[in-house]
Structures are given as structure tokens and as C-alpha cells.
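Heads up: the structure comes next, in C-alpha cells.
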Protein chains: 2
Amino acid sequence: MERLDSSTRARYEHRAKVFKALGHPTRLFIVEQLAKGELCVCELKKMIDADLSTISKHLSVLKNAGLVTDDKRGSNVYYHLRISPDGSLFACMDEAAAALASAFGGPDA
Amino acid sequence: MERLDSSTRARYEHRAKVFKALGHPTRLFIVEQLAKGELCVCELKKMIDADLSTISKHLSVLKNAGLVTDDKRGSNVYYHLRISPDGSLFACMDEAAAALASAFGGPDA
DNA sequence: TGGCGATTTGACTAAATTACCAAATAGGAG
DNA sequence: CTCCTATTTGGTAATTTAGTCAAATCGCCA
């Protein structure tokens with residue numbers, strides 16, 4: 001029987017950090033937009049109705065989870081994905097939606 | 001250009017809920033154990049060093065995210081996964097670990 | 001019926017998250 | 001150099017989450 005001891009826990013904390021970063025609608029949206037190509041903060045601002053500082057902090061969470069990197073060019077900061085848009089993390093998003101929908105009979109159940 | 005308006009946002013909130021549920025090491029551990037087969041709360045208790053009520057609440061979060069269901073049999077409550085252990089949500093966990101590791105040069109980078 | 005083991009729920013506290021505003025910083029243009 | 005734009009950071013209030021203990025439930029068995 002596997003037990004959640006401290007060394008096992010460290011491994012799970014590692015993974016949980018990535019899921020946690022994806023656990024916010026705005027961040028999930030950002031990740032999907034970046035899947036189409038890099039965007040600078042001001043471009044994301046046009047898409048998202050929130051304070052610029054809020055968006056900046058969401059980007060920082062994604063960066064700390066290893067999901068994106070930033071690249072300063074001129075006075076702009078461009079963000080792009082570190083994961084493949086064809087990878088399981090994206091397939092996973094659809095499965096996530098399906099899990100909830102099929103459980104509670106949502107619109108796309 | 002796609003915008004995160006209120007209806008779009010509702011869709012992302014839906015998905016984010018599932019990721020959020022996976023964004024805790026204990027819950028991630030529980031999900032992986034359940035991938036091997038159903039377990040009752042007292043069996044999970046043997047694996048996890050936390051208060052029984054804490055475990056119960058984690059299970060409730062997973063249930064609300066549509067990831068598990070419960071099944072009372074006798075005086076025990078058995079939990080089992082609602083998602084396939086072969087699906088992308090599991091493949092995704094490895095990718096999650098890899099994303100962080102490759103970003104920060106972790107042990108399994 | 002009475003009590004027991006298993007599990008959930010409620011009350012509560014501490015800690016983390018989120019959002020906004022204002023201020024700081026950094027680079028480029030004039 | 002100085003202003004302007006782009007972005008991040010710090011402070012703070014509101015909300016949510018995680019964890020613990022105690023109390024409430026529920027199904028069984030004597």
C-alpha cells in the first residue's frame with residue numbers, strides 16, 4: 001500500500017502546483033490564447049477586462065508553475081508557452097470540462 | 001481576437017474548477033490511488049496522515065469537481081474515479097511534473 | 001433498543017488567494 | 001535629460017481554503 005509520506009508528498013506538491021496554476025478561469029484563458037502564439041501583456045489586456053496589475057500577477061503565477069516564460073523586447077514583455085499545444089495538458093482541459101459536465105448534467109454533458 | 005467576456009468566462013470557470021480540485025497534493029494522491037481501484041475512506045485514512053475530517057473534505061472537493069463518486073455500502077463509503085485512468089488527465093499529471101521540473105531544473109528535469 | 005464504528009458536518013482559526021489602487025521601475029522617443 | 005508607455009510591485013480589504021476539534025448521522029450488531 002502506498003503511503004503519502006513526506007518524500008512522496010514532495011512529488012505531489014510539485015505536480016499540484018501546475019494544476020493550481022491552471023485552476024483559475026483567467027489563467028486558463030491566457031494559456032489557451034498563448035497556445036495560438038506569443039502575446040505581450042498589453043495585448044492580453046485588450047482581451048481581458050481586469051486591472052493590468054491583476055493580469056501581470058496571473059502571468060507571474062503561470063511563470064512560477066513553469067507553464068510560460070517571458071521575453072522583454074523593447075518596452076514590451078512577451079509571454080509564450082513552455083508546453084506543447086498538442087500535449088496532454090491541452091487534451092486534459094477538454095476532459096476537465098467533460099468531467100464536470102457529465103457529473104452534473106451541464107450544457108455539454 | 002477572442003475576449004474573455006462573461007459567457008466565455010463561465011466556460012473557463014467550469015474547467016478551472018476541475019484543475020483547482022487537482023491543485024492540492026493530498027487530492028492528487030487520492031486520485032492516483034483511486035486509479036488503481038475504489039477505496040473506502042478508512043483505507044485512505046491508512047495511507048494519509050491527516051485528520052479523517054480533512055480527508056473527507058478533500059473527497060468532497062473531488063466529488064464537486066466531478067472527478068469521483070461515492071457509494072455507501074454497509075457502514076463504509078467507497079470512492080471511485082469518474083474519469084479514465086488511461087485518459088489525458090493522467091497523462092497530464094506527468095506533463096505537469098515535467099513542466100515545472102524543466103523550468104527550474106528539478107530532480108527529474 | 002442501545003451502543004459502536006465509520007463518515008460527514010459545523011464552528012472556528014490561520015493562512016493563502018484575488019482584486020484593486022497607487023507608486024515604483026525600465027526602456028525608448030523626443 | 002525628461003517625458004511617456006509598458007509592466008511590475010507593495011499595500012490592503014474581501015473572499016476562499018485548509019486544518020482541527022467537537023458534535024451530528026447513519027447503518028450494524030448484540
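Within 10 Å of each candidate Cβ there may be at most 16 other Cβ atoms; applying that plus a DSSP loop requirement, which GluC sites (Glu not before Pro) in segment A:20-72 survive?
Answer in residue order: A:Glu38.
What does the structure give for A:54-61 when I average, per residue, the other chain Cβ atoms found within 10 Å of the residue Cβ? Could the numbers behind the result be given before it?
Numbers: counts 0, 0, 0, 0, 0, 0, 0, 0.
Going residue by residue through A:54-61 and averaging, the value is 0.
Only helical DSSP H runs with n ≥ 4 go in: add -39500 (n - 2.57) per run for the protein assembly as shown, normalise by residue count and round the 222 nm mean residue ellipticity to 500 deg cm²/dmol. Before the final figure, lay out each step's value.
On the way: 10 runs with 128 residues, N = 218.
Helices in the protein assembly as shown give a 222 nm mean residue ellipticity of -18500 deg cm²/dmol.
State, to one decimal in nm and shortest first, how far the label point of A:Ser56 sits from each corresponding label point in the other identical copies (label point: 7 angstrom along Cα-to-Cβ).
Sorted ascending, the copy-to-copy spacings read 4.6 nm.
Angle, helix B:25-34 long axis vs. longest principal axis of chain B, Cα atoms, 0 to 90°, nearest 10?
Around 60 degrees separate the two axes.
Given H placed 1.01 Å from N in the peptide plane, which residues other than close sequence neighbours of A:Val68 have an amide H under 5 Å from its amide H?
Close amide H contacts, sequence-distant or interchain: A:Lys63, A:Arg82.
Say R0 is 22 Å: what FRET efficiency, to the nearest 0.05, do A:Glu43 and B:Asp5 get from their beta-carbon distance?
0.85
Roughly what angle does helix B:6-22 make with the longest principal axis of chain B, taking Cα atoms, 0 to 90 degrees, to the nearest 10?
Relative to chain B, helix B:6-22 is tipped by roughly 50 degrees.
Work out from phi, with θ = phi - 60° and the Karplus expression 6.51 cos²θ - 1.76 cosθ + 1.60, the ³J(HN,Hα) of each residue of segment B:41-48, listed in order in whole Hz, and give x for Gly and Pro.
Values per residue, Gly and Pro as x: 4, 5, 6, 5, 4, 5, 8, 10 Hz.
With viscosity set to 1.567 mPa s and temperature to 4 °C, compute the Stokes-Einstein D of the protein assembly as shown, Rh being the Kirkwood radius across alpha carbon pairs; µm²/s, no decimals.
71
Quick one: Cα centre-to-centre distance for segment A:14-54 and segment A:70-91, in angstrom?
When both Cα centres are located, 10 Å separates them.
Taking loop as defined by DSSP and a crowding limit of 16 other beta carbons within 10 Å, which trypsin sites (Lys or Arg not before Pro) in segment B:1-63 fit?
B:Arg3, B:Lys36
What are the distances, in nm and sorted shortest first, from the label point of A:Lys36 to the label points of the same position in each other copy, with each label point placed 7 Å from Cα along the Cα-to-Cβ direction?
Label point to label point, same position, other copies: 4.4 nm.
What ³J(HN,Hα) values, in whole Hz, does the Karplus curve 6.51 cos²θ - 1.76 cosθ + 1.60 give for segment B:63-68 when θ = phi - 60°, with x put for Gly and Pro?
Taking θ as phi minus 60°, the curve returns 5, 5, 8, x, 8, 9 Hz for segment B:63-68.
As a test of the definition: with a 1.4 Å probe, what buried accessible area, both sides summed, do you compute for A against B, in Å² to the nearest 100?
4600
Does anyone have the angle between helix A:88-104 and the longest principal axis of chain A? Alpha-carbon axes, 0 to 90°, nearest 10?
Rounded to the nearest ten degrees, it is 60.
Over all distinct Cα pairs, what is the inverse of the mean 1/r for chain A, reported as the Kirkwood hydrodynamic radius in Å?
Taking every pair of different Cα atoms in chain A, averaging 1/r and inverting gives 15.5 Å.
Consider just the alpha-carbon atoms of segment A:1-60 and return their Rg together with their Dmax, both in angstrom.
15.8, 51
Across peptide B:5-15, what mean number of C-beta atoms from other chains lies inside 10 Å of a residue's C-beta?
That average works out to 6.
Between copies, how far apart are the A:Pro85 label points? List them in nm, one decimal, shortest first, with each point 7 Å from Cα toward Cβ, please?
The projected label point of A:Pro85 is separated from its counterparts by 3.4 nm.
The values are calculated or read from the model by the stated rules, or taken from the named source; none is laboratory data. For clarity, every value in this text was computed on a predicted model and none was experimentally measured. Here the Cβ is made from the backbone with ideal geometry for all residues, glycine too, and neighbour counts use every protein chain on show. The protein model used for the area step is the full one, side chains on, heavy atoms only, and it has no ligands, DNA or RNA in it. Shrake-Rupley method; radii C 1.70, N 1.55, O 1.52, S 1.80 Å.
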